[in-house]
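Everything on this sheet refers to the single structure shown next.
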Amino acid sequence: MEDKQRQHSGIDTVKRIVSAARIAKAAAAGGVHGAAVAAAKETAPFLAKLAIWALAALIALPMLIFAYLPNIFFGFSSSGTAPVARMTGQAMTLGGFYMDLEDFENTQIDAIVTSLIQQYEEEGIEIDRVEINSDFDEDDLRRFIAISSVAYQQDLEVMTTEAVLSLATSRLRYEPTLNIFEFGGLLKRTLVIKIDHLDPEAFMDQLSFEEDARTWAGALYEVLTESNALEEYAEYYAPYRPNYSGDTGYTGDYEHGGSYGNTIDTAGFVSPSTKNNVDLAAYAMQAWENNWGYCWGTYGNVLTEALFNYKLQQYPEGVGKYEDFIRANWLGRRTADCIGLIKGYGWLDTASGSINYGTNGMPDVGADQMYANAQKAGMAGTMDTMPELVGIALWKQGHIGVYVGNGYAVEAMGTKYGVVRTEVAGRGWQGWCRIPYIEYREAG
């Protein structure tokens, strides 16, 4: 009997060793820098869970949801070590992105809607209403976090919000339908857009995941699901979530432009065929002079009734709270949010005058990520080193503007301000940067 027990014990030990080896192999495939665990498919359910939770306790939770945040886990808000502090900042930004993935996806859907409305209007078809059919839930978020973490091997040097946003966009599929019906003797046109996400298996197929990577992604998903980690740590990412109303904390002086108009005049651009700092400043000045408005998620297109109704549907809290003000002040005019002012220039087709999402090498990133990308490229600095160069961006956490010379900046300040001009001194800017996706002329 004892021999049989020892035999069974030996077999169990061998199984555990084999299981551990498979876990390690899956971990290597999914990223050695990660903060989660893998459980081999071949192991018994109990052993798989035991392996998951043992490694989760040692690795996953201290690293705080794949994000290298031991300082926060152990009660410290910052680190004196520059690389750790930089990594923590990137992790927090990434965590904020994950917690607001639905809103970030809505931004991508916004671009789809804006483009489709523009196409119909160019054909003389006015859209009266936009209806979006899209499902997004917490389980979908957990699966995306797990798969994207493995896709980038949980390496924060490459796992930027820009990269993950691109990954999120790649799994979206859409199908538009134009419904026309008569109401009160008038034809009403509703643009219905059905949004689908690739299912997890198809998503991993698209990313060419091998079996070990799939195992690792499945284990990450299980840890997230059973640990309740998203709810546990959501509060840490609150400061990194977007502010739909802009930079509302400013109480100083600002100036509005002296005219109103929706025309973008490129005749005075120094080089309409390129993207450069001088023309960015000129574009921003036009936005100021013509009193452009502010609406979250816009980037320089005219805020039509259909587009605004869609924004209300997508952001019932963020935009809906300001519905009366936006309707009274910005409807029918060009609008942008702070980073949208810069991206709109990058996406401007100077030949046609249209602003086409995602064109000319300008990525769709937020204000903080734009500054972070410039930092990585060695194109940013603190305000005490700011050069006298028009078209550089001025940055503070969550907000960005454009320097236009003589000590002034133009910025899409917020919903109740629109695009305004402010003095740089005393504005609270934390840094400056060259936009990495345009040319800079030192003499500009």
Checklist entry - When the distances between all Cα atoms of segment 351-407 are binned every 5 Å from zero, what whole-number percent does each bin get? => result 4, 15, 23, 24, 18, 10, 6, 1
Checklist entry - Listed highest first by mean packing, meaning other Cβ atoms within 10 Å per residue, what order do 411-421, 258-268, 380-390 come in? => result 411-421, 380-390, 258-268
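I'd like the GluC sites (Glu not before Pro) in segment 287-349 restricted to DSSP loop residues with at most 10 other Cβ atoms within 10 Å, sorted by number.
Those satisfying the criteria are Glu317.
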Next on the checklist: With every atom except the alpha carbons ignored, what do you get for Rg and Dmax of segment 207-339, in angstroms?
Outcome noted: 21.3, 63
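Determine the shape class of segment 285-337: with a ≥ b ≥ c the square roots of the Cα gyration tensor eigenvalues, call it rounded for a/c under 1.5, and otherwise prolate if a/b is greater than b/c, oblate otherwise.
Numbers: a/c = 1.94, a/b = 1.84, b/c = 1.05.
It comes out prolate by the Cα gyration axes.
Given the pairs Lys194/Lys376; Lys396/Lys416; Lys343/Lys396, which are separated by over 26 angstrom at their Cα positions?
On the way: Lys194/Lys376 38 Å; Lys396/Lys416 19 Å; Lys343/Lys396 17 Å.
Pairs exceeding the cut-off: Lys194/Lys376.
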Checklist entry - Counting Lys +1, Arg +1, Asp -1, Glu -1, what net charge surrounds Gln397 among other residues with beta carbon under 11 Å of its beta carbon? => result -1
Item to check | Positive minus negative residues near Gly246 (Lys, Arg vs Asp, Glu; Cβ under 13 Å) | outcome: 0
Checklist entry - log₁₀ I(q)/I(0) of segment 253-305 at q = 0.29 Å⁻¹, via Debye over equal Cα point scatterers, no solvent, to two decimals? => result -1.21
Checklist outcome for this item: Over segment 132-230, with neighbouring protein chains present, the accessible area per residue in Å² at probe 1.4 Å is 47 Å²
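Kindly identify segment 181-234 as rounded, prolate or oblate by the Cα gyration tensor criterion: order the square roots of the eigenvalues as a ≥ b ≥ c, call it rounded if a/c is under 1.5, otherwise compare a/b with b/c, prolate if a/b is larger, else oblate.
Numbers: a/c = 6.97, a/b = 2.18, b/c = 3.19.
Oblate, because a/c is 1.5 or more while a/b does not exceed b/c.
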Next on the checklist: Please compute the per residue accessible area over segment 315-421 with all protein chains in place, 1.4 Å probe, rounded to a whole number of Å².
Outcome noted: 36 Å²
Item to check | Positive minus negative residues near Ser208 (Lys, Arg vs Asp, Glu; Cβ under 15 Å) | outcome: -3
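The values are calculated or read from the model by the stated rules, or taken from the named source; none is laboratory data. Since the model is a prediction, treat every value here as computed from it, not as a measurement. Neighbour counts are summed over all protein chains in view; Cβ atoms, including those assigned to glycine, are modelled from backbone coordinates with ideal geometry. To get the accessible areas, we keep the full protein, side chains included, count just its heavy atoms, and leave off ligands, DNA and RNA. Shrake-Rupley method; radii C 1.70, N 1.55, O 1.52, S 1.80 Å.
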